[in-house]
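Here is the structure we will look at, set down as structure tokens.
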Amino acid sequence: MGLNKDSYTDMQREVQSFHDKHDFKNTGGEELTYRIALMAEELGEISACVSKGKSKQQLAEECADLYILLIGTAIAADFDLKQAFWDKMEKLHKRESKMINGRIRVSEFRD
Ligand SMILES: [Mg+2]
């Protein structure tokens, strides 16, 4: 069976095998507080790409770092990120948008 690069399942398998390779489960690599810190670090790198005018390729690489961490966090916390994505998109599609300070915001706007 070849790798289907369009498949979320195959992405998840790839991240799982990365976790297995370094035994993340037994070495702290799946501790959620640690993973949140790593994700915040990657978000900072994404921010730096934009604020320092780095290339689209560098931005894509930092976004991939965050995406890989997100998939791994779903593995660590044992939830189905693909299902969570589709459930959330369904909610988002039902939400209203508002212009706030010149930018669009899609939210629940309870006030
Ligand atoms: Mg990075």
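Bear in mind these aren't lab numbers, they're just calculated from the coordinates by the rules spelled out. Just so we're clear, the structure is a prediction, and the values are computed from it rather than from any experiment. So basically every Cβ, Gly included, is an ideal-geometry build from the backbone, and we count neighbours across all protein chains shown.
Tallying residues that are basic (Lys, Arg) and either within 19 Å of Tyr34 (Cα to Cα) or in a loop (DSSP other than H, G, I, E, B) (or both) within segment 57-111 yields 3.
Of the residues making up segment 71-81, those that are small (Gly, Ala, Ser) and either loosely packed, with under 15 Cβ neighbours inside 10 Å or within 15 Å of the ligand (Cβ to nearest atom) (or both) are Gly72, Ala77.
Would you point out which residue out of Glu45, Glu30 is outside any helix (DSSP H, G or I) and touching a residue at least 12 places away in the same chain (Cβ under 8 Å)? Explain how you work it out, then say what you get.
On the way: Glu45 fails: outside any helix (DSSP H, G or I).
Just one listed residue meets the conditions, Glu30.
The number of residues in segment 88-110 being free of Cβ contacts under 8 Å to residues at least 12 places away in the same chain and small (Gly, Ala, Ser) comes to 2. Scanning segment 40-61 for residues that are within 17 Å of Met11 (Cβ to Cβ) and either of a type in the set (Phe, Trp, Tyr) or crowded, with 17+ Cβ neighbours inside 10 Å (or both) gives a single hit, Glu42.
Yes/no per residue for (1) of a type outside the set (Asp, Glu); (2) over 25 Å from Val106 (Cα atoms); (3) within 16 Å of the ligand (Cβ to nearest atom); (4) touching a strand residue (DSSP E or B) at 6+ places or on another chain (Cβ under 6 Å):
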residue: Gln16; (1), (2), (3), (4): yes, yes, no, no
residue: His22; (1), (2), (3), (4): yes, yes, no, no
residue: Gly28; (1), (2), (3), (4): yes, yes, no, no
residue: Ala40; (1), (2), (3), (4): yes, no, yes, no
residue: Lys52; (1), (2), (3), (4): yes, yes, yes, no
residue: Lys56; (1), (2), (3), (4): yes, yes, yes, no
residue: Leu69; (1), (2), (3), (4): yes, yes, yes, no
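Just a yes or no: is a residue in segment 38-49 among the acidic types (Asp, Glu) and within 25 Å of Leu3 (Cβ to Cβ)? Checking segment 38-49: at least one residue is among the acidic types (Asp, Glu) and within 25 Å of Leu3 (Cβ to Cβ).
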